[in-house]
1. Check which residues have an amide H placed less than 5 Å from residue 119's amide H, if you skip close sequence neighbours.
2. May I ask you to give the percent of accessible area on the chain that is carbon plus sulfur, with a probe radius of 1.4 Å?
3. Take the alpha carbon atoms of the stretch 31-74, find their radius of gyration, then divide it by 2.2 N^0.38 Å using N residues; give the quotient.
4. Take the Cα atoms of the stretch 56-108, find their three principal axes, and give me the spread along each one in whole Å, biggest first.
5. Over the alpha carbons of the stretch 78-130, what is the largest minus smallest coordinate on each principal axis, giving the biggest first in Å?
6. Springs between alpha-carbon pairs under 10 angstrom, Gaussian network model over the chain: which of 71, 55, 13 fluctuates most?
7. Farthest toward the dipole's positive end in the stretch 2-117, which of 83, 116, 44, given Cβ charges of +1 (Lys, Arg) and -1 (Asp, Glu) about the Cα centre?
8. Among all the lysines, which ones have a C-alpha under 24 Å from residue 14's C-alpha, if same-chain residues fewer than 8 places away are not counted?
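The values are calculated or read from the model by the stated rules, or taken from the named source; none is laboratory data. Just so it is clear, the model here is predicted, and its values are computed rather than measured. Methodologically, a virtual Cβ is constructed for each residue, glycine included, from the backbone with ideal geometry; neighbour enumeration extends over all protein chains shown. Ligands, DNA and RNA are excluded from the accessible area calculation, which covers all protein heavy atoms including side chains. Shrake-Rupley method; radii C 1.70, N 1.55, O 1.52, S 1.80 Å.
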Amino acid sequence: MEKINIESKSNQFKSIMDTQFQGKINLARLKLIAMFVFALCEIQTVSAEKLTNAFDTWALAASSSRRIKYFMTSCALDSVLVAKQLFCFLPCKKNLKLSIDCTNWKFSQTDINIFTLGVVYKGVAFPLFF
């Protein structure tokens with residue numbers, strides 16, 4: 001599996017994210033987000049094992065996996081800033097369609113309901129708010 005070279009691709013990406021997140025996320029987390037996004041685009045799955053194998057880093061995949069898990073459990077992202085970031089990357093800002101989706105899960109005795117607002121670009125819905 002070919003590693004994704006984030007050094008050549010992510011500097012501009014990190015700069016845009018840093019501007020959008022207004023300095024609220026440190027450089028290490030911005031790098032992780034960049035590696036995560038590029039790996040998602042390359043691997044096209046959310047499997048942590050497959051994603052971490054695509055990271056361009058000297059760290060072991062297990063270390064990258066722990067880094068992702070720690071980030072997901074400890075970093076509270078501002079949903080408005082994330083939505084602005086996603087919208088920023090859309091190449092076309094006109095004639096977009098909004099989508100809504102509701103999904104229901106049952107985890108043991110707990111009902112989990114997730115309502116999502118997204119923007120549709122070229123037939124793909126990008127979630128903005130949950």
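1. Residues meeting the criterion, in which the H sits 1.01 Å from N, are 99, 126, 128.
2. 58 percent
3. 1.00
4. Here the Cα extents, ordered largest to smallest, are 44, 37, 18 Å.
5. The Cα atoms of the stretch 78-130 stretch 43, 24, 11 Å along the principal axes, largest first.
6. In the Gaussian network model the winner is 71.
7. 83
8. Answer for residue 14, where 24 Å is the Cα cut-off: 3, 24, 31, 50, 69, 84, 93, listed by chain and number.
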